[in-house]
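Since the structure comes first, as structure tokens, the remarks are kept for the end.
None of the figures in this text is laboratory data; all of them are computed from the coordinates on show. Keep in mind that this is a model prediction, so the values were computed, not measured.
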Amino acid sequence: MKKVNIFLLGLLLLVVFLASGCQNNGASSDREDLLAGLGLEQKIGQMFLIGIQGTEITNDAADQIRAIHPGGIILFGRNIQDAGHLKAFIDSLQKIATDDGGYPLFIAVDQEGGEIVRIKWINDDIGQADIKDSDQAYRMGYNRAKSLKNLGINQILGPVLDIGQSGDFLTRYKRCLQGNAEEVGAMGKSIIAGQNDGGMLSTAKHFPGYGGISFDPENERLAVMSQVPEISQFETALEAGPQFVMGANVIYEDIDPLVPFALSASGIDFLYEELGNDFIVITDDLASKVLKAEYSLAGTVVMAAKAGVDMLLISGNEPNDAMEAYEAILNAVRDGEIPEETIGAHARKIIEAKNKFSIH
């Protein structure tokens, strides 16, 4: 009888193993299907969040979108007039992307509240520095998300989780939540929860932090810090499940003394070790004046892609920046500097997020 029972148990385990194998093969097949029909150019394009010029979609802008196949568009004040115009503008962007055979776009804005807002007609005039508690933070995040979603926006580049100090360039515009790391983390977590519940994708930024920098590191000079600042607030805030984490363009000497965090493999490894990997890693603007001067735009985007980030943010302040950055990655893959499998892994991660969160 014992031999029979052992045989039946073994048979049952075999059936479970085979069933599990079939399910895993199906999941693997589904993951591969996400990239079916996408050429190298389209996979690379998914890695880009780009800015375009003007309040109208010119032929040049439409051609650029079709050429790059970007994963998303970031909107600035230069693109925005009023609610009716903006909704039509976004609808047109999405139509160009999907008609091109691509996936729908992330449509992102810097909408932090207070002085840092792109959509000025919604009730969003409280800066992060003026938020008093987690309840207020949640309500603000939720109301902001609902207002933006009605316009066709689906991604907020916020909240800011850097712990600011007096005199920091971030604190000049009330961009930092007030309090110690525990309090900042709790309020950041509430903002993200509110934005998520309001149907918006959230971006925790700027890991590990710009706190302690008094000058503008995008336009004045490259920021160098001897040590990584406090990061426990990021760990707390990420409990709410933001879909993106943005890395900072700062050299932290105790991680990598030579290369800015978002361009450094050591930096991105540190990010994953501390925060996990259940999100898309996105850079701050790689077309900043300082990074261009230090590394060139082509050099910067290739370094970031090799470091392991998923999405490359190109503000598009200069009209040709996005195409130059895209071509730099394309050439790096063709030259064997970046494996195509690496590009595919990033593209798959981005497309999975679009499917999971029903981006359209």
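With angles folded into 0 to 90 degrees, how steeply does helix 134-149 sit against the dominant principal axis of the chain? Use alpha carbons for both and round to 10. Long axis of 134-149 versus the principal axis of the chain: about 90 degrees.
In region 32-75, inverting the average of 1/r over every pair of distinct C-alpha atoms gives 11.2 Å as the Kirkwood radius.
Of the two radii for region 210-357, the radius of gyration is 0.95 times the Kirkwood radius, both from the alpha carbons; that is the Rg over Rh value. Counting only alpha carbon atoms, the long axis of helix 265-275 and the longest principal axis of the chain meet at about 80°. What angle do you read, to the nearest 10 degrees and between 0 and 90, between the alpha-carbon axis of helix 2-33 and the longest principal axis of the chain? Roughly 40 degrees, rounded to the nearest 10. A compact globular protein would have a Cα radius of gyration near 2.2 N^0.38 Å; the ratio found for region 41-99 is 1.07. Only DSSP H runs of four or more residues enter the estimate; each adds -39500 (n - 2.57), and after division by the residues of the chain the mean residue ellipticity at 222 nm equals -14500 deg cm²/dmol.
Annotation: the antiparallel percentage among DSSP beta bridges lying fully within the chain is about 5. On a per residue basis, the convex hull of the C-alpha atoms belonging to region 42-356 measures out at 114 Å³. From the Kirkwood radius over Cα pairs of region 107-222, Stokes-Einstein at 37 °C and 0.692 mPa s returns a whole-number translational diffusion coefficient of 234 µm²/s. Calculated translational diffusion coefficient of region 119-166 (4 °C, 1.567 mPa s; Stokes-Einstein with Kirkwood radius over alpha-carbon pairs) equals 108 µm²/s.
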